[in-house]
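One structure is given here, and the rest of the page talks about it.
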Amino acid sequence: MPINIPDGLPAKQILHQERIFALEEEVAETQQIRPLRVAILNLMPTKMETETQILRLISKSPLQVSCDFMRVSSHESTHVSADHLVKFYDTFDAFRDKFYDGLIVTGAPVEHMAFEDVDYWDEFCEIVDWSQTHVFSTMFLCWGALGALWHLYQIPKRQLGAKLFGVFQQRLCDEYNFLTNGFDEVHYMPHSRHAAIDTTELAKHPELHVLSEGFTSGPALLATRDFHEVYVTGHFEYGRDTLADEFWRDFHKGLPIRVPENYFPDDDPEKQPVFTWRAHANLLYRNWLNWIYQMTPYEVEKIPEAIADLRGRANGLVDKF
């Protein structure tokens, strides 16, 4: 089933070229089904690239999904035109009274800063608090995951001595978990960050379940036991060449940058990288949307009640650990 995204969004043309069918808004409105409603809080400066990456993953589900884009109002984006933001994005004020089946919160290149020093931190926290009652399940990516874990659980991030940069092996911790259903025992995930989860503090929270982790990269996939929150510390959404683009960008600026680990064949940046994480990335998003579809109420106004029911059942599970 196709996704329904705004007409004119640049990502739509790219997805068409990749033979991914995106519905026209007028056609989607005539179909006699309720599509899943997913909001995307895009904190990345390269907004159009990130839009395409995330929509590409959402599109692999057999379900119809309608996507709305959210931006923060407390930060001025300089890497995308104001016209693009006005045409395709709304600020949080437009979302306050709405309910969504899913929310995706992207990362942001600010992990070297203290959370409270990020200019949109207060607004970020407000959106996370809103998601607790207005969104059936939220997926937090990279810095978005670190920020939400700090705000909701007071789990701090720790700064790394060097940037974690490359594609790393992740060991599956629970092969029977719905979110990782179908995963191989080892999967790969791109990482590009200067901070990591404080695993000592994480261990104090039995309500958070580590689904996969790496010896070098630490916890990769985490979730609350009710799946109301999903945390991805890396970048499953990255395309094959995203890390290469980051490497060459910094290289040509004369910035200190290492060749991404386990990425270029023979560690030669002149060679095309191998796309080793695509299947598992598609599988995670498909599993997540499938679970939402099975569990979310048909009437979106009943989402707060459904979340409360989920939490009640999850608390019983936590008591067993």
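Check the stretch 167-175 and report whether any residue there is of a type outside the set (D, E, K, R), surrounded by fewer than 22 Cβ atoms within 10 Å (Cβ to Cβ) and out of contact with any strand residue (DSSP E or B) (no Cβ under 6 Å at 6 or more places or on another chain).
no
If we keep just the residues of the stretch 93-114 that are at pLDDT 95 or above and open to solvent by less than 10 Å² (accessible area, probe 1.4 Å), which is farthest from R286 (Cα to Cα)?
F95
Could you identify the single residue in G234, G182 that is open to solvent by less than 50 Å² (accessible area, probe 1.4 Å) and farther than 30 Å from E305 by Cβ?
Within the list G234, G182, the selection yields G234.
Just a yes or no: is a residue in the stretch 194-216 under 21 Å from R278 (Cβ atoms), of a type outside the set (S, T, N, Q) and assigned to a loop (DSSP other than H, G, I, E, B)?
For the stretch 194-216, residues under 21 Å from R278 (Cβ atoms), of a type outside the set (S, T, N, Q) and assigned to a loop (DSSP other than H, G, I, E, B): absent.
List every residue pair whose Cβ atoms lie under 8 Å apart, where the two residues are 6 or more positions apart in sequence or sit on different chains, the first residue falls within the stretch 82-103 and is touching a residue at least 12 places away in the same chain (Cβ under 8 Å), and the second residue, located anywhere, is exposed (fewer than 14 other Cβ atoms within 10 Å of the Cβ) and assigned to a strand (DSSP E or B).
none
Being modelled with pLDDT under 90, of a type outside the set (A, V, I, L, M, F, W, C) and more than 29 Å from P297 (Cβ to Cβ) is the requirement here; does S74 meet it?
yes
Taking the criterion of being more than 30 Å from Q169 (Cα to Cα), in contact with a Phe, Trp or Tyr (Cβ under 8 Å, 6 or more places away or on another chain), open to solvent by 20 Å² or more (accessible area, probe 1.4 Å) and in a helix (DSSP H, G or I), would at least one residue in the stretch 280-290 satisfy it?
Looking through the stretch 280-290, none of the residues is more than 30 Å from Q169 (Cα to Cα), in contact with a Phe, Trp or Tyr (Cβ under 8 Å, 6 or more places away or on another chain), open to solvent by 20 Å² or more (accessible area, probe 1.4 Å) and in a helix (DSSP H, G or I).
The values are calculated or read from the model by the stated rules, or taken from the named source; none is laboratory data. The structure presented is a predicted model; accordingly, all values stated were derived computationally and were not measured. No Cβ is skipped: glycine too gets one built from the backbone with ideal geometry, and neighbour counts run over all protein chains shown. Each accessible area value is taken on the protein alone, full model and side chains, heavy atoms only, with ligands, DNA and RNA left out. Shrake-Rupley method; radii C 1.70, N 1.55, O 1.52, S 1.80 Å.
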